[in-house]
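Beneath this line is the structure, given in structure tokens, with notes to follow.
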Amino acid sequence: MNHTVLAELVANVFKVVASPGDEVQPGDMLVILESMKMEIPVLAEVAGTISEIAVAEGDVITEGDTIAVISS
Amino acid sequence: MTAVTTQAVEIAEIDPRDVEVRLNLLLDPGSLVPLHPRDDSGLYAVRGMVNGSPVVAFCTDALKMGGAMGSEGCKHIVTAYDLALRERLPVIGIWHSGGARLAEGVEALDAVGLVFQAMIRASGRVPQISIVLGPAAGGAAYGPALTDLVIMSNAGRVFVTGPDVVRSVTGENVDMESLGGPDTHGRRSGVVHVITADDASALSEGRRLTDLLAAQGSFELASLGADPDLGALLPENRKRAYDVHPLVSALLDENTFFELHAKWAPNIVTGLGRLAGRTVGVIANNPLRLGGCLDSPSAEKAARFVRMCDAFGVPLVVLVDVPGYLPGVGQEWDGVVRRGAKLLHAFGEAVVPRLTLVTRKAYGGAYIAMNARALGSNVVWAWPGAEVAVMGATAAVGILHRKKLAAAPPGEREALHAQLAAEHERIAGGVARAMEIGVVDEVIEPAVTRSRVAAALAGIPPARGAHGNIPL
């Protein structure tokens, strides 16, 4: 099953931490966003393999945008 | 051997949806006392104990006309509420019901309405907990919704009109689960406070919540043990967001934190737990989600929680790390002003002991909304280095000194900005100024926070708000 990680708010992509193919556990960091003058980690909610990272560092993303897809 | 075999057969013959089976799982063994003989009304009301605390409980009978509610059954509920109000007992309702009995027509509607009225009369006076174990439709949906806390098992469904009606009226194709299942109500609508994997855990979570509200205990400061260093639970990088749950759990007695509305509006964390043995309510910004910003659902979620705690005399601990209100057209159109006002109102009217701790920052309007001194917080503390301001000093001088900064040579601009920010911090921001004007009482060390919070709350005279708990 594919689990899509969506952006919750408008943000800059500050760092991409995980890569496609990585095995992740709930709580593992996928990317770090920058918004509200803070660095906000986006964490995996499910265990699985990352099949896609849909953002690159420096991207501006908005609420509802896909950040990553995890296959479990 | 024979006895064991017989017992196994008996258990297999009793339907797990039987009202007595369900109520016996909720209540202490052997404590169930019927309030009326079992009948065909589709409802069974009883009294009993939860962890030794007396309670009133009722269960809709899923095995009789799908738990549909008629006038007889509704009378049982109203009588149970009368008893609960007279004896000041919590009421726990177990729901599995298709709503009002069609055959009874308007008489059933009137009876369901009288159940609602009984719930509203009891609101804020005795704790009301609902446990939804099956479909609860129509009138049966609003029953749980009127109560203080709603628990839903994986099989629970709550909706006003079922999938068939929805399809015929709007053409939307939806099954019962996506229309009103645990994920829908736990994450999207906020109707349900707690979702569980099965019926048994829904009933045991109901017991835990009942215990937290019915047997609140008292602060036993001697029971505290060594203080944990709560500061270690925050990232070193002050700009980095973090999950606030470990901080909440470490502040409370071990394994006592019971989160409510965990998946809905996760940028604010609300829940009950015990501190030095006494039940307290915790409200905490969660920087990991939306940066910890307040927005319209989170303000509403916290407001309802504050009012529930106030109604039942549960002291409040408020952990503040908030960058402000979430900006955006969506928020304004979603009524962030109206729904945010609920949180101001809830804190402002609360009379229970209240303590606010600013761990990192409290900015702008959100500073006030998070139980500021101005709203009557008994105690306001800050951790070393915390910021209390209209906004961060760097951002503030960017606005206040826009022209001056623009006029500076590009090479010197950054240094000037930093210098102005430091000056601004001295004059307008920072905890020092907040302490001068009496809106922060003290800077306390993270390593003594747990015991200091318990001692401070223990020292404030207990009180309890006199108001209902409208499901905001």
Could you say whether any residue in region B:293-303 is farther than 21 Å from B:Gly348 by Cα and buried (at least 24 other Cβ atoms within 10 Å of the Cβ)?
-> no
Kindly check whether there is at least one residue in region B:446-465 that is of a type in the set (Gly, Ala, Ser), assigned to a loop (DSSP other than H, G, I, E, B) and surrounded by 13 or more Cβ atoms within 10 Å (Cβ to Cβ).
-> yes
Among all residue pairs at least 6 apart or on different chains, which show Cβ distances below 6 Å where the first residue, located in region B:18-43, is more than 16 Å from B:Gly93 (Cβ to Cβ) and the second is among the small types (Gly, Ala, Ser)?
-> B:Ser31/B:Gly48
Where in chain A are there strands (runs of 3 or more DSSP E), lying fully within it, with 2 or more residues that are more than 13 Å from chain B (Cβ to nearest Cβ)?
-> A:2-6, A:11-16, A:48-53, A:66-71
Could you count how many residues in region B:227-253 are within 20 Å of B:Leu457 (Cβ to Cβ) and not in a helix (DSSP H, G or I)?
-> 5
Scanning region A:16-57 for residues that are on the phi > 0 side of the Ramachandran plot and at pLDDT below 95, which turns out surrounded by the fewest Cβ atoms within 10 Å (Cβ to Cβ)?
-> A:Gly27
Do you know which residues across region B:225-284 are touching a Ser or Thr at 6+ places or on another chain (Cβ under 8 Å), within 14 Å of chain A (Cβ to nearest Cβ) and buried (at least 23 other Cβ atoms within 10 Å of the Cβ)?
-> B:Ala265, B:Asn267, B:Ile268
Select from region A:5-22 the residues that are aliphatic (A, V, I, L, M) and without any contact (Cβ under 8 Å) to a residue 40 or more places away in the chain and list them in ascending order.
-> A:Val17
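I'd like to check something: does region B:207-224 contain any residue that is within 14 Å of chain A (Cβ to nearest Cβ) and of a type outside the set (D, E, K, R)?
no
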Do the conditions hold for B:Val440, that is, is it among the aliphatic types (A, V, I, L, M) and in a loop (DSSP other than H, G, I, E, B)?
-> yes
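Condition test on B:Val194, is it among the hydrophobic types (A, V, I, L, M, F, W, C), in contact with an Asp or Glu (Cβ under 9 Å, 6 or more places away or on another chain) and more than 14 Å from chain A (Cβ to nearest Cβ)? Spell out how you get there, then give the answer.
Details: among the hydrophobic types (A, V, I, L, M, F, W, C): yes; in contact with an Asp or Glu (Cβ under 9 Å, 6 or more places away or on another chain): yes; more than 14 Å from chain A (Cβ to nearest Cβ): yes.
Yes; evaluated as a whole, the condition is true for this residue.
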Which of the residues belonging to region B:205-224 are surrounded by fewer than 16 Cβ atoms within 10 Å (Cβ to Cβ), closer than 24 Å to B:Pro54 by Cβ and among the hydroxyl-bearing types (Ser, Thr, Tyr)?
-> B:Ser218
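Considering region B:137-187 alone, what residues qualify as being assigned to a strand (DSSP E or B) and under 26 Å from B:Phe305 (Cβ atoms)?
Answer for region B:137-187, where residues must be assigned to a strand (DSSP E or B) and under 26 Å from B:Phe305 (Cβ atoms): B:Leu149, B:Val150, B:Ile151, B:Met152, B:Arg157, B:Val158, B:Phe159.
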Consider only pairs whose beta carbons are under 8 Å apart and that are at least six residues apart or on different chains; among these, list those whose first residue lies in region B:76-99 and is at positive phi and modelled with pLDDT under 95 and whose second residue is crowded, with 21+ Cβ neighbours inside 10 Å and β-branched (Val, Ile, Thr).
-> B:Gly99/B:Val112
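The values are calculated or read from the model by the stated rules, or taken from the named source; none is laboratory data. Please read these numbers as outputs of a predicted model, since none were measured by experiment. Heads up, the Cβs are rebuilt from the backbone with ideal geometry, glycines too, and the neighbour counts pull from every protein chain shown.
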